[in-house]
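Written below as structure tokens is the structure these notes are about.
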Amino acid sequence: MTSEQKAWDDFRYGDERSLKLIFNTYYNLLFNYGHKFTPDDHIIEDVIQDLFVKLWADRAGINNTESVKNYIYKAFRRRLIRKLDYAPKIMAFPVTEDKIQFDIEPGHDHRMINSERMRNIQSKLAAALEKMTPRQREVIHLRYFEEMDFEEIADVMQLSTKATYKLLYRAIDTLKKNLPRFDYLVILYLLDLSRK
Amino acid sequence: MNSLELTDYSSFETLDFFGDENFIRYVLHPEEADRVYWAEVLIKYPQKEEMMEEASAWIMMLNHQVVYVPEQKAEECWDKISSRISRHEHLEVKYIIPLKRAVKWLSGVAAMVLIFLVVNEVMEQGKQVFQSKYGELKTVNFPDESVAILNGNSRIYYVRNWRSDKPRELWMDGEASFKVKHVAIKNRIQQADSFKVHVNGIELTVLGTRFNVKNRRGQTEISLVEGSLRIDKTGEGAFSRLMKPGDVFIYDGHHLQKGIAQRSATSSQAWTRRELEIDGYTLKDVAEILEDTYGLKVRMDTPGLGDKKLSGTIPSGSADDILFVVEKVFDVNISRNKNQVIITPKPK
């Protein structure tokens, strides 16, 4: 049992400090994930608050879980989408789940930023991501940033594993159509960084 | 090194490496084994080097995204959650525990209500009499969930006891419409399942059914709407007839005969809806209803007037309703003084 699962069990038996531990582990990550859906920090914070208060209130009925991260992400995503789906009605412009934004900003390393070429590649990746649907961007995010496997992604996004494969395949296909081949030297430089 | 089992990468392109689980792990979290493995791949497929490097660049970029840092610090957010949690706990103490106490207290009350009901039940043993006033409809619910509606000026009584293996049995006078609950188990009809009505010296035995009994002026009219019903008379002039749904039988105290066709069995229950279906009724019949059910005294001195016939449905909510319609449809003059009603033909 991982220490995280231990904390999860302790929380289920009424230990508030264990819930706080889980909260601290995921607060920034959830905020980051939520920020891909909406730029509105208030909504994200409300959802995180509601999520943890609800977890505490329902702790007696919550099961053991293989992956705390998956449980939290799934519950967070469901709540956030529900909230985003309702809120626009008040603001009078309809947004379905498919239209909820999901923005990925390609990362950069301090050492990379000096390179003009690197910036070039980065902007091309950004352009390719731009061409994707929000759901494709989300699956790319969960795969390469959150490093989830297909079953975990399927669980969080409430899709079948098959549909998840399809979604990622389409996302990669979009990349293929929009990314030019990389400058060889830049790649070498990058690889050099990653192997340190 | 040659002992490594390599996957066949000959057809791989950049995007295949980009999507390959082992490759992603190698790029993001390389273990010594991964380094060895992919170095081997590179030796075997040197032409793939460029593609692999492209793929790893994409993976790195996506993985090294800038993490959004909210203004709200985790600590502040937790404080809010924590205070909401303690409020929640407080609510539980404030409402749930008193609720538990209230449940205890209420169960005491419930026990007393139960005792009251049992005492009431015991008190209700014995003869039960239900009587309706003139012009009043009264619903009687029997312990077995059968229902009877009493027309005005009618009564029902039965003897109640704890034993249920005796036939359900009651006595009546006046007019009543019954809906009897069928309690028999299918194919196992016993004496105990039957429902008996004693009226005017005859005995009606029914299984679950709907029927109407009108017993006025020594004459009993029995109309069966649904189910089956047996009419028995014992002793002098004994008989036994089985009725089918839709049948109307009339017993005059001596003989039982099948009733006139115009009066259907269902129309016999119209009064339960506060209506009167006067198909086949003469003015005299209506006058008798006014006397028997509504307590009026009706005088019709003109010969032949009482034999007038009409058809239709008239409201029977009160004697006045009936009189009003009678005046219009029979085309007569009606004068009323308290309970005295005099019907005379309209002067031509």
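Per residue, the stretch B:1-55 exposes 56 Å² of accessible surface when a 1.4 Å probe is rolled over the protein heavy atoms with every protein chain present. Counting protein heavy atoms only, chain B has 54 percent of its accessible area on carbon and sulfur, 1.4 angstrom probe.
Sum up the charges of everything whose Cβ sits under 9 Å from the Cβ of A:Asn178, counting Lys and Arg as +1 and Asp and Glu as -1, but leave A:Asn178 out. Neighbourhood net charge equals +3. Here the dipole of the stretch B:11-111 is about 1540 debye; that uses its Cα centre as origin and unit charges on the Cβ of Lys and Arg (positive) and Asp and Glu (negative). The distance between label points at B:Arg230 and A:Asp46 comes to 7.5 nm (points 7 Å beyond Cα on the Cα→Cβ vector).
A 24 angstrom limit on the alpha carbon distance is what I want to check against. Which of B:Lys133/B:Lys179; A:Lys36/A:Lys83; A:Lys162/B:Lys44; B:Lys244/B:Lys309; B:Lys258/B:Lys328 exceed it? If you can, show how the numbers build up before the last one.
Working: B:Lys133/B:Lys179 21 Å; A:Lys36/A:Lys83 15 Å; A:Lys162/B:Lys44 32 Å; B:Lys244/B:Lys309 28 Å; B:Lys258/B:Lys328 32 Å.
Flagged as over cut-off: A:Lys162/B:Lys44; B:Lys244/B:Lys309; B:Lys258/B:Lys328.
Taken across both chains, chains B and A shield about 4700 Å² of accessible surface from a 1.4 Å probe. A dipole drawn for the stretch B:29-117 from +1 and -1 charges on Cβ atoms has a positive end, and of B:Met61, B:Val109, B:Tyr45 the residue lying farthest that way is B:Val109. Placing +1 on each Lys and Arg Cβ and -1 on each Asp and Glu Cβ, with no other charges, gives the stretch B:212-318 a dipole about its Cα centre of roughly 40 debye.
Inter-chain Cβ neighbour count for A:43-51, averaged per residue, equals 3 (cutoff 10 Å, partner chain atoms only).
In peptide B:78-84, what is the residue-averaged number of other protein chain Cβ atoms found within 10 Å of each Cβ? Display every interim value, and only then the final one.
On the way: counts 8, 0, 6, 12, 7, 1, 7.
For peptide B:78-84, the averaged partner shielding equals 6.
Ordering B:Gly218, B:Ala238, B:His254 by the projection of their Cα atoms onto the charge dipole of the stretch B:217-325, which places +1 on the Cβ of Lys and Arg and -1 on the Cβ of Asp and Glu, puts B:Ala238 at the extreme positive end.
Taken residue by residue and averaged, Cβ atoms of other chains lying within 10 Å of the Cβ of B:13-23 number 3.
Taking the charge dipole of the stretch B:283-346 about its Cα centre, with +1 at Lys and Arg Cβ atoms and -1 at Asp and Glu Cβ atoms, the residue from B:Val326, B:Thr344, B:Gly304 reaching farthest to the positive side is B:Thr344. The amide H of B:Gly152, built 1.01 Å from its N in the peptide plane, has B:Gly135, B:Glu136 as neighbours under 5 Å, considering only residues 5 or more places off or on other chains.
Keeping every protein chain in place, order B:Arg273, B:Arg25 by accessible area at 1.4 Å, biggest value first, i.e. largest first. If you can, show how the numbers build up before the last one.
Numbers: B:Arg273 135, B:Arg25 105 Å².
Result, largest first: B:Arg273, B:Arg25.
The values are calculated or read from the model by the stated rules, or taken from the named source; none is laboratory data. This one's a predicted model, so the numbers in the text were calculated from it and none came from an experiment. Cβ coordinates were reconstructed from backbone atoms using ideal geometry, including for glycine residues, and neighbour counts include every protein chain displayed. Keep in mind that these areas ignore ligands, DNA and RNA; they rest on the heavy atoms of the full protein, side chains included. Shrake-Rupley method; radii C 1.70, N 1.55, O 1.52, S 1.80 Å.
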